[in-house]
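The values are calculated or read from the model by the stated rules, or taken from the named source; none is laboratory data. These numbers come from a predicted model, not from an experiment. A quick note on method: Cβ atoms are made from the backbone with ideal geometry, for glycine too, and the neighbour counts reach across all protein chains shown. Surface accessibility is based on the protein's heavy atoms, side chains included, excluding ligands, DNA and RNA. Shrake-Rupley method; radii C 1.70, N 1.55, O 1.52, S 1.80 Å.
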Amino acid sequence: MKNNTKASRKIRRMTLIGIFSAIAAVLMHFELPMPFMPPFLKFDPSGVPILLSSMLFGPSAAISVTLVKDLIHVLSTTTGGVGELADFLIMSAFSIVVGLIYRRRSDRKGVLLATAAGTVTCAIVGALANYYLLIPFFSKIMPLDAIFAACAEINPAIDGLSAYIWFGAVPFNLIKGLLLTIFTFLLYKKLEGFLKTYTRP
């Protein structure tokens, strides 16, 4: 009996991870530019199923969803996979924080606390990802001065690498984290019973 229960939980887990991965892969194509942000920094809602999977099954499941989503998206990449790698690092860090905190406090306040802490983590990891991955990649396509000039047309405060990190990457990821927090919390309220019933195996 215990073996059957364990097997059913494993199947349920794999099925839901697959569903979350498919939803995230589709949502990643709905990219939206943000006002006053560099043109290549765009928001997509694919983080919502990732965060929900982290609350439902823990960080390892969320990382799996993120990996599958980014591997699918890399087939149509415009950044040679660098953007997808940066996204994987940022969303993995975000989901790890959310999953660990939610495990200790699995209620609405816990969701807000987890996503708030995850948002800060998202901003930090995002700044590092832009500094070490995205900007070096784009600098091979066009000169850094041209990149920052394009950014300055949207936000005049961005006149160099440091300014790009502080006035571009950091606020972008804070806003991204805030939007994901809002969407995730609204969905959590609708799915709260489901999340509490189908706890991690």
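Annotations for the structure displayed:
- Within the range 47-69, tally of residues that are without any contact (Cβ under 8 Å) to a residue 40 or more places away in the chain and within 10 Å of Ala24 (Cα to Cα): 1
- Scanning the range 155-178 for residues that are buried (at least 16 other Cβ atoms within 10 Å of the Cβ), over 17 Å from Asp87 (Cβ atoms) and of a type in the set (S, T, N, Q) gives a single hit, Asn155.
- Residues in the range 94-143 that are under 15 Å from the mean Cα position of the chain (by Cα), closer than 12 Å to Ala169 by Cβ and of a type outside the set (A, V, I, L, M): Cys122, Gly126, Asn130.
- Matching residues in the range 27-52 - criterion: being buried (at least 24 other Cβ atoms within 10 Å of the Cβ) and modelled with pLDDT under 90: Pro38
- Selected residue (criterion: nearest to Gly81 (Cα to Cα)) from residues of the range 112-146 that are touching a Ser or Thr at 6+ places or on another chain (Cβ under 7 Å) and open to solvent by less than 30 Å² (accessible area, probe 1.4 Å): Thr119
- First in the range 71-100 and open to solvent by less than 30 Å² (accessible area, probe 1.4 Å), second anywhere and of a type in the set (S, T, N, Q) and in a loop (DSSP other than H, G, I, E, B), Cβ under 7 Å, 6 or more apart: Gly83/Thr77; Glu84/Thr77
- The one condition in (1) touching a residue at least 24 places away in the same chain (Cβ under 8 Å); (2) of a type in the set (D, E, K, R); (3) closer than 20 Å to Ile63 by Cα that Arg108 fails to fulfil: (3)
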